[in-house]
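See structure below.
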Amino acid sequence: MSQEERHLAVKNALCFFMTLAITTITLIVTFIVPDNKLLWLKVGSCILSYIIILLARLLPQISYTNKMHFYLYSLLPMFMITVLCYSQMHIYALFYPICIVTLFFMDFKMIIRGSIAAIVGLIPMLIMIINEAKGDKTMIGNGIAQFLYAALCCAMAVVIVKTLESQNKETFSSLKEAADN
């Protein structure tokens, strides 16, 4: 097994366990948050995420890179349904561990797509918070602050991955140049 394959295997295992943890915590939150509207839909989205994660892990014909994509994309329906079913601001917190998992990919295009999907998914949540606030400036301010922090997190992830990707290319180029001389 090459060094690149070993690195991918480690990233894959970490991504697998992190997505399982995110899904498990989301399922626990679904039952402890006193908002039981559409409970079946929220639980179903967690179960769907588990199924996708486990299938990707168990199917040998899926490459390590594709498994990681399955893990990440398994969180998308759960995230969207969770965000759309709740109006409490603390549900925004689900966004942050998902954003951290995307950093494993070191894939600029994936980070851009994920950031756009996350922001688009959080806009209805912000609208629901503002509508339910009924003029409560503190609640509205908290919702806007959470949205801005999430947008900042997306922007930071994009900049971090772009910078690291660029630095990795420079490092490999200089190593290759040194090896050729």
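One residue is enough: does the stretch 109-118 have a residue meeting the conditions surrounded by 15 or more Cβ atoms within 10 Å (Cβ to Cβ) and touching an Asp or Glu at 6+ places or on another chain (Cβ under 6 Å)?
no
Is it true that M139 is within 17 Å of the chain's Cα centre (by Cα) and not aromatic (F, W, Y)?
No: the conditions fail for M139.
Run down T138, T171, T163 and say which single residue is at pLDDT below 85, hydroxyl-bearing (S, T, Y) and part of a helix (DSSP H, G or I).
None of the others qualify; the one that does is T171.
Picking from L55, L122, L76, L84, which residue would you name as being without any contact (Cβ under 8 Å) to a residue 40 or more places away in the chain, hydrophobic (A, V, I, L, M, F, W, C) and either outside any helix (DSSP H, G or I) or within 24 Å of A151 (Cβ to Cβ) (or both)?
Result: L122 is the single residue among L55, L122, L76, L84 that is without any contact (Cβ under 8 Å) to a residue 40 or more places away in the chain, hydrophobic (A, V, I, L, M, F, W, C) and either outside any helix (DSSP H, G or I) or within 24 Å of A151 (Cβ to Cβ) (or both).
Yes/no matrix, rows are residues, columns are (1) of a type in the set (D, E); (2) in contact with a Gly (Cβ under 8 Å, 6 or more places away or on another chain); (3) farther than 22 Å from S166 by Cα:
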{"position": "L76", "(1), (2), (3)": "no, no, yes"}
{"position": "V83", "(1), (2), (3)": "no, yes, yes"}
{"position": "F104", "(1), (2), (3)": "no, no, no"}
{"position": "D107", "(1), (2), (3)": "yes, no, no"}
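Just the residues that are closer than 19 Å to H90 by Cα and among the hydrophobic types (A, V, I, L, M, F, W, C), please, taken from the stretch 1-27.
A21, I22, I25, L27
With the condition kept exactly as written, say whether any residue in the stretch 148-167 is polar (S, T, N, Q) and either more than 25 Å from the chain's Cα centre (by Cα) or surrounded by 14 or more Cβ atoms within 10 Å (Cβ to Cβ) (or both).
no
The values are calculated or read from the model by the stated rules, or taken from the named source; none is laboratory data. These numbers come from a predicted model, not from an experiment. We place every Cβ from the backbone using ideal geometry, glycine too, and count neighbours over all the protein chains shown.
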